[in-house]
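Undergrad: Mind looking over this structure? Questions follow.
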Amino acid sequence: MNLFWLLSLAHLMGDFPFQTDKVFYYKRNFRWGGLFHVAICTFFNILLTLPFLKLRYFWLLLLILSVSHFLYDELKTWFTQKVMRDNIFLFLLDQTLHFFTIWVVVQLFSILHPFPSVAKWSIYT
């Protein structure tokens, strides 16, 4: 399984089955709740990508994904509290941003470590 799919699965695990109602409440109401949620997602990123951890720059990839996840979620929380209620469009936009970020970061990482198990999709496709 290539890196994009592993990180996507980790994202889905952290955003859905392991984001309980309590975690969601804390994420929406306290900044530390957002950090806790991102820590859960980062845990699954690490767990599912253990063979990659020894590669140079891989921790930077994980840091970029974690920080971007936190920023996207904080922006969505602010937006839904100040501008408009949460809806299916915002949900789909949020998930699209997460998956697009994973894809971009994996493509950039595959330039540093070009072998098939890192990314099957070329940055030129």
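Undergrad: Mind checking which pairs have a first residue in segment 77-98 that is surrounded by 10 or more Cβ atoms within 10 Å (Cβ to Cβ) and assigned to a helix (DSSP H, G or I) and a second that is among the small types (Gly, Ala, Ser) and modelled with pLDDT of 95 or more, Cβ under 9 Å, 6 or more apart or different chains?
TA: Sorted first by the residue in segment 77-98, then by its partner, the pairs are LEU97/SER68; HIS98/SER8; HIS98/SER68.
Undergrad: Here's a follow-up. Say we look at segment 11-34 and pick out the residues that are of a type in the set (Phe, Trp, Tyr) and under 15 Å from the mean Cα position of the chain (by Cα); which of these is nearest to LEU47 (Cα to Cα)?
TA: Filtering first and then ranking leaves PHE18.
Undergrad: When you scan segment 1-10, how many residues do you find that are surrounded by 14 or more Cβ atoms within 10 Å (Cβ to Cβ) and more than 15 Å from PHE44 (Cα to Cα)?
TA: The number of residues fulfilling the criteria is 1.
Undergrad: Also: What are the residues in segment 54-76 that are surrounded by 16 or more Cβ atoms within 10 Å (Cβ to Cβ) and of a type in the set (Asp, Glu), if any?
TA: ASP73
Undergrad: Identify the residue in segment 15-31 that is more than 13 Å from PHE99 (Cβ to Cβ) and in contact (Cβ under 8 Å) with a residue 24 or more places away in the chain and, among all such residues, is surrounded by the most Cβ atoms within 10 Å (Cβ to Cβ).
TA: Among residues in segment 15-31 that are more than 13 Å from PHE99 (Cβ to Cβ) and in contact (Cβ under 8 Å) with a residue 24 or more places away in the chain, the one surrounded by the most Cβ atoms within 10 Å (Cβ to Cβ) is LYS27.
The values are calculated or read from the model by the stated rules, or taken from the named source; none is laboratory data. Only a predicted model underlies this, so the values are computations on that prediction, with no experimental measurement involved. With ideal geometry, Cβ positions are generated from the backbone for all residues, glycine too; neighbour counts draw on all protein chains shown.
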